[in-house]
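Participant: This structure is in structure tokens; I'll ask about it shortly.
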Amino acid sequence: MNIIELAKQITPLIAQKLLTTVSVSGNPERIKIAPKVGPNNTIFNVNSGDITIEEDVCFGHNVCILTGTHDIRKKGRARITEFPKTGRDVIVRKGAWLSSNVTILGPCEVGENAVIAAGSLVIGDVKANCVYAGSPAKFIKEIEFDDE
């Protein structure tokens, strides 16, 4: 088998691995994810708080949930090493949908069944049963659910 044939065979496997591998910065024990939630290739940063993901949360690709922060008033090494260890928790409530390329900066709570549009930057709480979009994410509308 030549190198081109090998590349054709392994490329889909590498792509699948990249789309399904979670990355964690900090202690993974600070992340609580309900069973059967598939976070795809989400980046979780738990350096400055805990992350809780409840049941039936839907993840797009390339989502970032970040509790970590740095103090812009610090310089040099201090800016890198001195950061809060707590107080920036993120909670994503049951049934929320985090579309592809969403970034959530803690502290915040994403309400039950909320939808955050692709590419949005969340910097505060998101109300339940509502759509938010933009950078920073803003309220768009309440969701009218089907009566099923």
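None of the figures in this text is laboratory data; all of them are computed from the coordinates on show. Small disclaimer: the values here were computed from a predicted structure and weren't measured. Positions of Cβ are backbone-derived with ideal geometry, glycine not excepted, and every protein chain shown enters the neighbour counts.
Participant: Under 5 Å between amide hydrogens, which residues at least 5 positions from VAL24 or on another chain qualify, with H placed 1.01 Å from N in the peptide plane?
Facilitator: PHE44
Participant: Under 5 Å between amide hydrogens, which residues at least 5 positions from CYS64 or on another chain qualify, with H placed 1.01 Å from N in the peptide plane?
Facilitator: ILE43, VAL102, THR103, ILE104
Participant: Under 10 Å, Cα contacts only: if you run a Gaussian network model on the chain, which one of PHE44, PHE59, PHE83 comes out with the highest mean-square fluctuation?
Facilitator: PHE83
Participant: Among ALA114, GLY76, VAL37, which residue has its Cα furthest toward the positive end of the charge dipole of the stretch 35-148, with +1 on Lys/Arg Cβ and -1 on Asp/Glu Cβ?
Facilitator: GLY76
Participant: Moving to a separate point now. Do the sum for the chain: with -39,500 (n - 2.57) for every DSSP H run of n ≥ 4, divided by all residues, what is the mean residue ellipticity at 222 nm, to the nearest 500 deg cm²/dmol?
Facilitator: Per the formula, -5000 deg cm²/dmol.
Participant: Also, quick follow-up: Under a GNM of the chain (C-alpha, springs under 10 Å), which listed residue has the highest mean-square fluctuation: ILE53, ILE80, ILE123?
Facilitator: ILE80
Participant: Here's another thing I want to ask about it. Report relative contact order for the stretch 1-55 in percent, whole number only (criteria: Cα-Cα under 8 Å, sequence separation at least 6).
Facilitator: Here the relative contact order equals 36 percent.
Participant: From the list (i) -0.27, -0.71, -1.17; (ii) -0.37, -0.84, -1.25; (iii) -0.33, -0.82, -1.22, can you say which value of log10 I(q)/I(0) by the Debye sum over Cα atoms at q = 0.08, 0.14, 0.20 Å⁻¹ was derived from the structure given?
Facilitator: The calculated read-out lines up with (i).
Participant: With the chain treated as a Gaussian network of Cα nodes joined by springs under 10 Å, which of ARG88, ARG73, ARG30 yields the largest mean-square fluctuation?
Facilitator: It is ARG73.
Participant: Then there's this: What full-extension length gain, to one decimal in nm, is calculated for GLN9 and ASN129 as 0.36 nm per residue of separation minus the Cα-Cα distance?
Facilitator: Taking 0.36 nm per residue and subtracting the Cα distance, the gain is 38.9 nm.
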